[in-house]
Protein chains: 4
Amino acid sequence: MIGAGIVGSTGLVGEGLIRIFASHPEVYLRVLMSRHAAGRDVAEELPSLRGIVSMELVEPSIEALVSECDVVFLAMKSAESMSFVPDLVSRGVKCIDIGGEFRFRDPAVYEQWYGNRHEAPELTARAVWGLPEQNREKIKSADVIGNPGCYPTGAVLGLLPFIRAGLIRSDGIVVDAHSGVSGAGRQYSPKTDNTFLACYENLRAYGVGTHRHTPEIEQALSEITGGDVKVTFVPHLAPIDRGILTTIYARPADGAKPEAFGDALKAFAGPEPFVRACAKVEDVRTANVRATNFCDVGVALIERSSQVVIVTAIDNTVKGAGGQAVQCMNIMFGLDETAGLDRPGY
Amino acid sequence: MIGAGIVGSTGLVGEGLIRIFASHPEVYLRVLMSRHAAGRDVAEELPSLRGIVSMELVEPSIEALVSECDVVFLAMKSAESMSFVPDLVSRGVKCIDIGGEFRFRDPAVYEQWYGNRHEAPELTARAVWGLPEQNREKIKSADVIGNPGCYPTGAVLGLLPFIRAGLIRSDGIVVDAHSGVSGAGRQYSPKTDNTFLACYENLRAYGVGTHRHTPEIEQALSEITGGDVKVTFVPHLAPIDRGILTTIYARPADGAKPEAFGDALKAFAGPEPFVRACAKVEDVRTANVRATNFCDVGVALIERSSQVVIVTAIDNTVKGAGGQAVQCMNIMFGLDETAGLDRPGY
Amino acid sequence: MIGAGIVGSTGLVGEGLIRIFASHPEVYLRVLMSRHAAGRDVAEELPSLRGIVSMELVEPSIEALVSECDVVFLAMKSAESMSFVPDLVSRGVKCIDIGGEFRFRDPAVYEQWYGNRHEAPELTARAVWGLPEQNREKIKSADVIGNPGCYPTGAVLGLLPFIRAGLIRSDGIVVDAHSGVSGAGRQYSPKTDNTFLACYENLRAYGVGTHRHTPEIEQALSEITGGDVKVTFVPHLAPIDRGILTTIYARPADGAKPEAFGDALKAFAGPEPFVRACAKVEDVRTANVRATNFCDVGVALIERSSQVVIVTAIDNTVKGAGGQAVQCMNIMFGLDETAGLDRPGY
Amino acid sequence: MIGAGIVGSTGLVGEGLIRIFASHPEVYLRVLMSRHAAGRDVAEELPSLRGIVSMELVEPSIEALVSECDVVFLAMKSAESMSFVPDLVSRGVKCIDIGGEFRFRDPAVYEQWYGNRHEAPELTARAVWGLPEQNREKIKSADVIGNPGCYPTGAVLGLLPFIRAGLIRSDGIVVDAHSGVSGAGRQYSPKTDNTFLACYENLRAYGVGTHRHTPEIEQALSEITGGDVKVTFVPHLAPIDRGILTTIYARPADGAKPEAFGDALKAFAGPEPFVRACAKVEDVRTANVRATNFCDVGVALIERSSQVVIVTAIDNTVKGAGGQAVQCMNIMFGLDETAGLDRPGY
């Protein structure tokens, strides 16, 4: 059995990982670390886990991780992971970071958008951006994964099939996304204002033109095209718990045939265990992917206005966070890619 | 006092009109018509109105409308209004139709998108599309109003200030809108699947490329620009009751200065009683316009990707329906444009 | 015109008062006070009011209240009102306190349940508990009103008709209530945990056996019966914004005839402007009273288990707070009791 | 492997069963029957299952069930199961009926409350009411299970520990329950009026004194006490998807010591795999049991009003339906009682 550890166990991402590992056939949780709840049982902190999981939360410690774990998931608040990953990697522990620190090949991009100095710039080029559908081969041999952000997951999975097939232009792409409130985490966040009254019966855009996931989407698309892609990304907050619906607008490439879009989608989704092609763009619904690692994708060509409309749905707390992290782990350790991720949603 | 009548009184639109007239200082509801509930008191059908309004619902009848009313609001299901409006207008009763029948100058556009034969094609050129912010002068002398659809209201009010000011290009416009479930009416609709379970904790697009509000947006923009504007319009269903958030993507016109966008918005909103310019695009929220006739508008220029992002919020059941209809009526009868519409929301 | 002031203008209660005064025909808001937002316009703090109300928020000050106001609404956090009311009253300003400080005739009850020392015990016997349906005559001549709590309003309005008519026993009463999240105010409250994720898709009881509204319900019922009534009160939090549904269980008095319950309810509601008797207990719904000052009441006698089930619905932010306060004010100043409160809800 | 079949596969109950069997280690779904969707793949009907389950839906047929299945779950609309169960049982197939037909030992009770003639009265005394915590021994040897209703599950699991321990009186019990909208099924139900607009931002009671689950609760309590227990049961509809919160009011037995309640609860829950005792009654929350087979229970004695308050939470679609059915099946076939039910919720 492979031993895994989580640092930052009681946040929404940590909780999602614990749920998955509760039924993972080949990986065992050895260490659950939590700074604020060390000494307590995880089921006291996360009462929905009572009767399923019982394990003491311990203080974060590199020594304990090195001695117990083959792989560590870093799910603490942004920036903290930089003080763990270099040591862990140098001592042979594979790291999957679920914050933004290891997503950018160029540490300057991180520093510009996140406002922090990068403390492990020597690792950024070695870290692999963990979207299996784009980087499966690189993930196999990676020892540091920068797990994709939730929005970039929904955006890039929608664009990949059509950019690769040469069916859409890479300039002028618009990514309009609506996320559930779990994207802001479980704690109260004055920045998001995630009280019930501020979210319920309300729709709003936020971070227009400034959201940190923008350069992450652009890096992925630039790697695919070989160019310097710029996108317009506008996230919104919707009164649901989990789920992101992403509606993407792009212009068809010259000469793209109408029937080619659906064909490219089916060809892309076919071998992918977690991408489901929908026959109609209207069939893509966040409710259908809730609590699963699936990304549902649909596409429509609107000929009268010459626009391609791509819609994707993910559960931001699974495919957009811990589920994708486990998918990466499965690939890194040569396991069945769906291990622990094959149960139906709710 | 001016006498008003409603045909189709117990649907969401009719109910919204009755609420407004409960405190309108100069117009009196004389006739409430309802085919399915004739003979009952309106407060039995709409129990939230008990203690506020009491009035018998009567069978629809042109004679009764002519003898009692100066103005009639037609709020029945689509297509039925065509058998009322010609007679009413010819007998001197002003008509405000809240369906799609009198929104299009060219009846062929109606026939193509709505799939019905137009039974009063002689009136379509004479009818005025009732968006006061675009057509106030024409509304003053109109006797038939095609009350704008909810989505076109949110879309055109976002685009008007910037198209008029020459700040955005009229090609390649994308209108992405998320509506509350009240847009589908109060009854169960298999087409929308508006059960609680199908809407709650769910986000989805619908009518992609085919929604009937598309040509209505295009007609309005074409009239403004004098060109033949085509837009990409994608509506979505969000789990709220009332409200539409519309996020519009357009390319800046050559030479448009960054500061010009906010200035144009302020200049446009200044004299308008029901348009509020928001300092930041993130300040536009459906909760802030709930139960009011306001349209909040914000704009951001994203220079790095050369996109203008405009966000608008309306209450689809007020500014997107009966509130706008009453605003038109106020204009038609020379009343204060805000009469009956000046109370705060909830 | 009567001049009114609000201390604590930007909380939910203050906001509710401002909405009502925006259309009150005989009372004028002269002063809006707010400690944390003094110097700003109220519409900047409460953006849904933009275009409706514009007024500068000022620092709380007794001098300003005395010089400008005939009546003051105290809507700040609990306990603070005790340092305003004695001065205001002694200088001839009528006070309506929307906290718990002036609800109890016996200051010791306040001190026991609220855990604060009462700083104006000389006023508690003089203050009137402002439920018009119980204390209308006393309210007429009152100069200090302790505005009822939201739960006591829903509970006592359900019990009053049947206790007065001698139809139920006053022992063994159970008051089970479910409230929307607005009951916890607009700010984040760690005690309630009113984040979206903690409230949405969740139901829970709180304050079982310890909620401060318990002695308030008991005081009202004891005054009616002349006895020492004890009730079991269990509040719950439900994922709605506004509204309290209260389900009350009581045993029928010996010899009470089944038909007497509906009759007593109709007789009670008849002359009351804000109580609506529902024909069936199932017709009582929070949605029907939303944004209104109504309390809907229904009753059922379950003969097989010898229980009376009474269900009431109010909007906690109107009849359970500022609406009831304005109703009291109308009575105190000899105005039409429904002035400012006669508009339909949403 | 044990072979299982489902009749009525595409409703919410059938879907819940399919989800469970997707990871049940010892039972295999052999037949999925559906009258209205026969011939289609189940994942077309239930798109959230795409990529997880693929199986053709077939016409209901007793022959097919007998030839393929050791156990059959009957999840069609009420009443239909009576035409399947007698044949299946006589041919050696164990039956778990998830409707009301086999819950009552006395068919006259069924006929009175359900309004149907019972077509298999010879089986009702033989059928076991499948609440494992009450009837585990009988379930072991049963061949027909009347799977408990959702409300009776939450009510009886709350009362069992305290009635058995002699801590509460069995007269005067009040069961107040609030259910999510999934209790009404997936289809539109005019009776429930389960449209989004009718449920959202609304709370209401229904079926007061007449709900069919009343006699089921009473039968269970009467069997425990040996008496003829009558309860007052009032269900409510709350705007959540899944979950029932049940608040039960009972009077303490003479001489019951305060500390005995918590002790009795812990003693009861200790050996039960799916009952979790909560330290505080406020810790019982529907969110904590969502998508699990757990029933959380808390108890408080309110000494000042001499009432015991018990709160329970279940997921009505799991412990209140298919999860409990699988738990029964596990017991009937000598499997680990938690098989297929041991995964964390969401």
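The values are calculated or read from the model by the stated rules, or taken from the named source; none is laboratory data. Bear in mind that the values here come from a model prediction, so they are computed numbers and not experimental data. Methodologically, a virtual Cβ is constructed for each residue, glycine included, from the backbone with ideal geometry; neighbour enumeration extends over all protein chains shown. The accessibility values were calculated without ligands, DNA or RNA, using every heavy atom of the protein model including side chains. Shrake-Rupley method; radii C 1.70, N 1.55, O 1.52, S 1.80 Å.
How many residues does region B:124-139 contain that are in contact with a Leu (Cβ under 9 Å, 6 or more places away or on another chain) and either open to solvent by less than 10 Å² (accessible area, probe 1.4 Å) or basic (Lys, Arg) (or both)?
Kept after step one, since they are in contact with a Leu (Cβ under 9 Å, 6 or more places away or on another chain), are these residues of region B:124-139: B:131, B:133-134, B:139.
Cutting the leftovers down to either open to solvent by less than 10 Å² (accessible area, probe 1.4 Å) or basic (Lys, Arg) (or both) gives us B:131, B:133, B:139.
Qualifying residue count, region B:124-139: 3.
How do the strands (runs of 3 or more DSSP E) wholly within region C:217-326 filter down when requiring 3 or more residues that are within 12 Å of chain D (Cβ to nearest Cβ): which remain?
Where strands (runs of 3 or more DSSP E) fall fully within region C:217-326 and carry at least 3 residues being within 12 Å of chain D (Cβ to nearest Cβ), they are C:231-237, C:244-250, C:295-302, C:307-314.
Which members of region C:291-330 meet the condition of being open to solvent by 10 Å² or more (accessible area, probe 1.4 Å) and among the hydroxyl-bearing types (Ser, Thr, Tyr)?
Within region C:291-330, C:Ser305, C:Ser306, C:Thr317 meet the criteria.
Scanning for something surrounded by fewer than 22 Cβ atoms within 10 Å (Cβ to Cβ), within 14 Å of chain D (Cβ to nearest Cβ) and touching a Cys at 6+ places or on another chain (Cβ under 9 Å), does region A:84-96 turn up at least one residue? Steps first, please.
The initial filter retains those residues of region A:84-96 that are surrounded by fewer than 22 Cβ atoms within 10 Å (Cβ to Cβ), namely A:86-87, A:89-92, A:94.
Adding the requirement that they be within 14 Å of chain D (Cβ to nearest Cβ) leaves none.
The answer is no; no qualifying residue exists.
Spot the failing condition for D:Phe333; the list is (1) among the hydrophobic types (A, V, I, L, M, F, W, C); (2) open to solvent by less than 30 Å² (accessible area, probe 1.4 Å); (3) more than 14 Å from chain C (Cβ to nearest Cβ); (4) touching a Lys or Arg at 6+ places or on another chain (Cβ under 9 Å), and only one is missed.
(2)
Can you name the number of the only condition in (1) at pLDDT 95 or above; (2) farther than 29 Å from C:Tyr346 by Cβ that C:Leu12 fails?
Answer for C:Leu12: the failing condition is (2).
Considering only region B:40-50, I want to know if a residue exists there that is closer than 27 Å to C:Asn288 by Cβ, modelled with pLDDT under 95, within 26 Å of the chain's Cα centre (by Cα) and not in a helix (DSSP H, G or I).
Within region B:40-50, none of the residues are closer than 27 Å to C:Asn288 by Cβ, modelled with pLDDT under 95, within 26 Å of the chain's Cα centre (by Cα) and not in a helix (DSSP H, G or I).
Out of the residues in region B:221-239 that are open to solvent by 20 Å² or more (accessible area, probe 1.4 Å) and of a type outside the set (A, V, I, L, M), state the one that is farthest from A:Asn316 (Cα to Cα).
First, pick out the residues of region B:221-239 that are open to solvent by 20 Å² or more (accessible area, probe 1.4 Å): B:222-228, B:230.
Narrowing further to those that are of a type outside the set (A, V, I, L, M): B:222-223, B:225-228, B:230.
On the way: B:Ser222: 40, B:Glu223: 42, B:Thr225: 41, B:Gly226: 44, B:Gly227: 42, B:Asp228: 40, B:Lys230: 34 Å.
Top of the filtered list is B:Gly226.
Return yes or no: is D:Gly100 closer than 19 Å to D:Gly209 by Cα and surrounded by fewer than 19 Cβ atoms within 10 Å (Cβ to Cβ)?
Numbers: closer than 19 Å to D:Gly209 by Cα: yes; surrounded by fewer than 19 Cβ atoms within 10 Å (Cβ to Cβ): no.
In short, no.
Looking at region D:56-71, can you tell me whether even one residue there is at pLDDT 95 or above and under 29 Å from A:Ala313 (Cα atoms)? Write out each step before concluding.
Of all residues in region D:56-71, those at pLDDT 95 or above come to D:56-71.
This time we only want the ones that are under 29 Å from A:Ala313 (Cα atoms), so: D:56-57.
Scanning region D:56-71, I find at least one residue that is at pLDDT 95 or above and under 29 Å from A:Ala313 (Cα atoms), so the answer is yes.
Can you name the residue in region C:193-206 that is within 11 Å of chain D (Cβ to nearest Cβ) and assigned to a loop (DSSP other than H, G, I, E, B) and, of all such residues, is modelled with the lowest pLDDT? Spell out the reasoning first.
Of region C:193-206, the ones within 11 Å of chain D (Cβ to nearest Cβ) are C:193, C:197-206.
Subset that is assigned to a loop (DSSP other than H, G, I, E, B): C:193, C:200-203, C:206.
Values: C:Asp193: 95, C:Tyr200: 98, C:Glu201: 98, C:Asn202: 98, C:Leu203: 98, C:Tyr206: 98.
Only one residue fits best here, namely C:Asp193.
Could you list all residues from region C:102-127 that are part of a loop (DSSP other than H, G, I, E, B), closer than 22 Å to C:Ala75 by Cβ and not basic (Lys, Arg)?
Those that are part of a loop (DSSP other than H, G, I, E, B), closer than 22 Å to C:Ala75 by Cβ and not basic (Lys, Arg): C:Phe102, C:Phe104, C:Gly115, C:Asn116, C:His118, C:Glu119, C:Ala120, C:Ala127.
Being assigned to a loop (DSSP other than H, G, I, E, B) and at pLDDT 95 or above narrows it down to one of D:Gly158, D:Gly154, D:Gly92, so name that one.
Working: D:Gly158 fails: assigned to a loop (DSSP other than H, G, I, E, B); D:Gly154 fails: assigned to a loop (DSSP other than H, G, I, E, B).
Sole residue among the options that is assigned to a loop (DSSP other than H, G, I, E, B) and at pLDDT 95 or above: D:Gly92.
How many of the residues making up region C:173-188 are away from chain A (no Cβ under 14 Å) and touching a Gly at 6+ places or on another chain (Cβ under 9 Å)? Explain how you work it out, then say what you get.
Applying the first criterion (away from chain A (no Cβ under 14 Å)) to region C:173-188 yields C:173-178.
Subsequent filtering for residues that are touching a Gly at 6+ places or on another chain (Cβ under 9 Å) retains C:175, C:177-178.
Qualifying residue count, region C:173-188: 3.
Working only within region A:5-43, note down all residues that are more than 10 Å from every other protein chain (Cβ to nearest Cβ) and without any contact (Cβ under 8 Å) to a residue 24 or more places away in the chain.
Correct list: A:Ala38, A:Gly39, A:Arg40, A:Asp41.
Within region B:140-184, which residues are open to solvent by less than 20 Å² (accessible area, probe 1.4 Å) and small (Gly, Ala, Ser)?
Of everything in region B:140-184, those that are open to solvent by less than 20 Å² (accessible area, probe 1.4 Å) and small (Gly, Ala, Ser) turn out to be B:Ala142, B:Gly146, B:Gly149, B:Gly154, B:Ala155, B:Gly158, B:Ala177, B:Ser179, B:Gly180, B:Ser182.
Quick one: which of C:Glu201, C:Glu218 is open to solvent by less than 20 Å² (accessible area, probe 1.4 Å) and free of Cβ contacts under 8 Å to residues at least 24 places away in the same chain?
Working: C:Glu201 fails: free of Cβ contacts under 8 Å to residues at least 24 places away in the same chain.
Unique residue meeting the criteria: C:Glu218.
Condition first: without any contact (Cβ under 8 Å) to a residue 40 or more places away in the chain and surrounded by 15 or more Cβ atoms within 10 Å (Cβ to Cβ). Now tell me which residues in region A:45-60 satisfy that. Full working, then the answer.
In the first step, residues of region A:45-60 are kept if they are without any contact (Cβ under 8 Å) to a residue 40 or more places away in the chain; the result is A:45-56, A:58-59.
A:Glu45, A:Leu46, A:Pro47, A:Ser48, A:Leu49, A:Arg50, A:Gly51, A:Ile52, A:Val53, A:Met55, A:Val58 - these are the residues of region A:45-60 that are without any contact (Cβ under 8 Å) to a residue 40 or more places away in the chain and surrounded by 15 or more Cβ atoms within 10 Å (Cβ to Cβ).
Quick one: which of D:Ala205, D:Ala267 is out of contact with any strand residue (DSSP E or B) (no Cβ under 7 Å at 6 or more places or on another chain), more than 24 Å from A:Asp241 (Cα to Cα) and of a type in the set (Gly, Ala, Ser)?
Values: D:Ala205 fails: out of contact with any strand residue (DSSP E or B) (no Cβ under 7 Å at 6 or more places or on another chain).
Answer to the check: D:Ala267.
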